[in-house]
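Shown next, in structure tokens, is the structure this report addresses.
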Amino acid sequence: MSESGHRGGRRGVSGALRDVHTAFTQLTFPYPLRSQALGQMRTTSALQQLDDYLIPRYESLDAPLLAVVGGSTGAGKSTLVNSLLATNVSYTSPIRPTTRRPVLIHHPDDAHWFDGERILPGLARVRKSIGDDISAEGSTTEVEIRATTRVPAGMALLDAPDIDSVEVDNRALATQLLAAADLWIFTTTAARYADAAPWEFLRQAARRKIVVAVVLNRVPSGAAFEVRQDLSHRLADVGMAQAPIFTIGEQQLTADKQLPLAAIDPIVGWIRGLSEDATTRATVARQTLSGALAELVRTGADAIDAARDELSFHIDLSRRVDDAYAAAHTRISEATQDGALLRGEVLTRWQEFVGTGEFIRSIETAVGRARDRISAFFRGKPTAEVEVEEAIETGLWTLLSAEATRASSEVDYAWQRETPARQLLAQIASQQRPQAALDEACQRAIRQWQSAVLEMVRTEGAERKFTARMMSLGVNTLGVALMLVILASTGGMITGMEVAAAGGTAVVGQKLLEAVFGDDAVRRMAKSARKDLQTRTGALLAWHAQPYREQLAATAPSATAPDALHDALLALQRERKAEGLTS
């Protein structure tokens, strides 16, 4: 960097530009929304502009100006470059496209500015001498560099591919090179100047406040005034009324396939006028730099909007998963506390377990005699409580499996209605839980919960040193009774409404538990066991939703990147205003 580059607080803009660069690299656009292509294009364009022009130009304001000779197919760009230099450095041919590898020509004293990767770091350097052969060979991933004293010091010319080339890579490179330029020598013809492609680029140049000279080539005799006047009006309409227009009539090329000197002498004088005056060069560089900074902010705003669209869509997809499985968890919670599961098979097994209504009445009047009858009942049928436990397991398994499947179906339906999410569904299909795996997971969760309930009863009994009542009833019997209380109550104690929902049968289990452990202990155990059941069902649903969440995690755009870029651009605006780099 020159000595002047250290003055005036320029380090602030330099740091801000690099922060903006980092912020752009954090943007991702994983979902094929309408704004995706725009966001990707703006991000790519901004990163190229930062690498190819903004950062290197700001950090080297005294570097030579780079004038890119660009334009439409067959406009005579390479012929113009060869003619301006009075030597052939760029290949010309009627076969299109002609220019594939761009050619950069500079003064020998300026070689150090172009040998490294100060500008266009993504292009490999191919250094050639001015006398070396020229050919159509080359690649759009390279830049050919030649030095000659025919280019004034402080200026470099770059012959770019066609902006409307039939080859995509050529068009992309032409766009990149024009964005890396300090000024344009935009070449068109009397027959092609009104085409749409050139004006899209010229509008970009107007937004960037870049210095542009328009070369109107191959103007038929007698048509120069009319064509030039129309071109002037068009330039004024896009905000480029000050752009100089150089008209070249239809010419017979020299033996070296160059334009006669008289035809290009005004262009040569304009280029020398820019290059020979240091103040003028600095003014051009700062004007283009300032305009490019303003355009970067506009480009960033588009990219931020597109990135936020992606983030909003991602959040919506995630919400659909969260809502579906949260609703399933709520339904499971409600179904496991309103007595609904105590109907059917569970109710039948429990009634077989405790006996008839006369038994229930005996429990209500004499818990001691009930204990004796249950003990006798178990001596005659030792596996009765196991049958009740299995019935509870079956009821819970049916509930969990159905709710998990329902949640998955709701997510699939919601995502299927969003075209950008259909591809995600196709990828998830191979990872979704098969029914057999779901059934096994449900059974495992239920059995683990039942085991935890029995362990809770065993632990509570151990603390009470296994009273006679508990020893006569057994851990399994009390565990089953506790499960029934949980499935028929909300707060650990069965109310009148819940008695009706559970058919009155769970009251028996509650009275048994109270007789053994007391009201407070029963309430505490029921509350703990219910919380454990909710935790295990939540974990089961989370496991079932995992394929959706993993896919979302794999495609998730950064939640902070849009705001980070917004803040970085604001900081850049402050720094450029502080340094006077405003349009």
From GLU144, GLU117, which residue is open to solvent by 40 Å² or more (accessible area, probe 1.4 Å), within 30 Å of THR280 (Cβ to Cβ) and either among the aromatic types (Phe, Trp, Tyr) or modelled with pLDDT of 85 or more (or both)?
GLU117
Residues of segment 207-232 that turn out to be in contact with a strand residue (DSSP E or B) (Cβ under 8 Å, 6 or more places away or on another chain), of a type outside the set (S, T, N, Q) and free of Cβ contacts under 8 Å to residues at least 60 places away in the same chain, as a count:
10
Being of a type in the set (Lys, Arg) and farther than 30 Å from THR188 by Cβ narrows it down to one residue among ARG57, ARG34; which is it?
ARG34
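Could you list all residues from segment 44-77 that are part of a loop (DSSP other than H, G, I, E, B) and touching a Phe, Trp or Tyr at 6+ places or on another chain (Cβ under 7 Å)?
Listed by number, the residues that qualify are ALA63, PRO64.
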In segment 546-578, what residues are open to solvent by 30 Å² or more (accessible area, probe 1.4 Å) and not in a helix (DSSP H, G or I)?
ALA556, SER558, ALA559, THR560
Restrict the check to segment 294-304 and report whether at least one residue is touching a Pro at 6+ places or on another chain (Cβ under 6 Å) and assigned to a helix (DSSP H, G or I).
yes
Filter segment 395-418 for residues that are within 12 Å of HIS544 (Cα to Cα), touching a residue at least 60 places away in the same chain (Cβ under 8 Å) and surrounded by fewer than 21 Cβ atoms within 10 Å (Cβ to Cβ) and give the result.
ARG406
Identify all residues within segment 15-43 that are assigned to a helix (DSSP H, G or I), touching a helix residue (DSSP H, G or I) at 6+ places or on another chain (Cβ under 6 Å) and in contact (Cβ under 8 Å) with a residue 60 or more places away in the chain; write none if there are none.
ALA16, LEU17, ASP19, VAL20, ALA23, PHE24, LEU38, GLY39, ARG42, THR43
Is there a residue being assigned to a helix (DSSP H, G or I), in contact with a strand residue (DSSP E or B) (Cβ under 7 Å, 6 or more places away or on another chain), of a type in the set (Phe, Trp, Tyr) and open to solvent by 10 Å² or more (accessible area, probe 1.4 Å) anywhere in segment 266-288?
yes
Segment 10-62 - residue that is within 17 Å of ALA292 (Cα to Cα) and either touching a strand residue (DSSP E or B) at 6+ places or on another chain (Cβ under 8 Å) or of a type in the set (Phe, Trp, Tyr) (or both) and, of those, surrounded by the most Cβ atoms within 10 Å (Cβ to Cβ):
PHE24
Of (1) touching a residue at least 24 places away in the same chain (Cβ under 8 Å); (2) of a type outside the set (Asp, Glu); (3) within 30 Å of LEU61 (Cα to Cα), ALA241 satisfies all except one. Which?
(1)
When segment 248-258 is examined, which residues are found to be open to solvent by less than 50 Å² (accessible area, probe 1.4 Å) and more than 19 Å from VAL68 (Cβ to Cβ)?
GLY249, GLN258
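Which residues, taken from segment 180-199, are assigned to a helix (DSSP H, G or I) and modelled with pLDDT of 90 or more?
TRP199
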Quick check, is LEU478 at pLDDT 75 or above, within 21 Å of CYS442 (Cα to Cα), surrounded by 22 or more Cβ atoms within 10 Å (Cβ to Cβ) and over 48 Å from the mean Cα position of the chain (by Cα)?
no
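The values are calculated or read from the model by the stated rules, or taken from the named source; none is laboratory data. Computed from a prediction, not measured in an experiment: that's the story for all the values here. Cβ coordinates were reconstructed from backbone atoms using ideal geometry, including for glycine residues, and neighbour counts include every protein chain displayed. Side chains included, ligands, DNA and RNA excluded: accessible areas come from the protein's heavy atoms. Shrake-Rupley method; radii C 1.70, N 1.55, O 1.52, S 1.80 Å.
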